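Trainee: The structure's right below; bear with me while I get my questions together.
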Amino acid sequence: MALLAGSFFLAFWVIRHQPRVAHEIRTIGPFAYPLAVAIFALVASAPFSVTDALAIMNGAIFGPVKGTAVDAFGLVGAALLGYWINLHASRLLNLEDYLRRLPPWVRRFPVGSPPFLLAVRIIPGFGGTVATASAAAFRVPVWVHVWTMCAIALPICALLTVFGDRVTVALHGYEWRARHYARHYCETHRCPHFHFRRFETVSPTP
């Protein structure tokens with residue numbers, strides 16, 4: 001829960017300071033997109049990862065189209081990396097316990113089958129982690145694991161990326177209009193300007 005709250009606080013900070021963040025990103029040059037894809041892949045491949053805030057930040061920084069492209073490449077990289085990690089670390093997750101905790105409508109599908117992988121990823125929280133661990137444990141073909149992961153995660157990430165872009169545009173548009181209105185109001189109504197002075201004690205003259 002703390003990780004989730006912290007990630008969304010970071011997303012809010014990126015949206016709030018988007019011009020400054022975008023300027024810093026542009027200083028990286030053409031390496032900005034590979035770096036964003038690598039960060040997304042590393043975070044999304046971790047067990048119980050939180051990628052929603054990253055998708056929102058991609059929209060705030062890169063816009064809806066390029067941000068969604070970063071999501072797509074990042075998800076493919078995360079699927080490959082997560083599969084490799086679970087393939088070489090079979091005890092990373094106690095898979096049997098999590099399979100027993102799945103709802104009946106998911107357990108009716110054969111474990112490792114495409115319908116199972118699609119259904120289990122809908123479960124929030126541990127669904128994606130169980131799907132990746134099941135794919136590696138049951139030696140599901142890599143391409144099946146990749147497309148089932150992207151089929152569920154990519155539409156959600158795309159919606160969050162568009163949401164991040166629209167919130168950023170709306171927030172900074174409201175701020176610009178508020179500053180413009182305040183400046184126009186003060187120019188037409190002669191708003192007083194307050195200046196703070198340092199008062200000095202004057203010694204009495206002899």
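Bear in mind that the values in this text are calculations on the coordinates, not laboratory data. As the structure is a computational prediction, the values presented were derived from the model and not from experiment. We place every Cβ from the backbone using ideal geometry, glycine too, and count neighbours over all the protein chains shown.
Trainee: In whole Hz and in residue order, list the ³J(HN,Hα) couplings for the range 51-58 that follow from phi through the Karplus curve 6.51 cos²θ - 1.76 cosθ + 1.60, θ = phi - 60°; x for Gly and Pro.
Mentor: 9, 4, 5, 5, 5, 4, 5, 4
Trainee: In whole Hz, with x marking every Gly and Pro, tabulate ³J(HN,Hα) for the range 124-136 from phi via Karplus 6.51 cos²θ - 1.76 cosθ + 1.60, θ = phi - 60°.
Mentor: Using θ = phi - 60°, the values come out as x, x, 9, x, x, 5, 5, 5, 5, 5, 5, 4, 6 Hz.
Trainee: Separate question: Take the range 62-103, drop everything but the C-alpha atoms, weight them equally and run the Debye formula without solvent; then report log10 I(q)/I(0) at 0.28, 0.35 Å⁻¹ to two decimals.
Mentor: Computed log10 I(q)/I(0) values: -0.89, -1.02.
Trainee: Along the three principal axes, how long is the range 118-169 when you take its alpha carbons, biggest first, rounded to the nearest angstrom?
Mentor: Ordered largest first, the range 118-169 gives principal extents of 45, 22, 13 Å.
Trainee: When ranked by the protection proxy of mean other Cβ atoms within 10 Å per residue, highest first, what sequence do the peptides 144-156, 164-176 form?
Mentor: 144-156, 164-176
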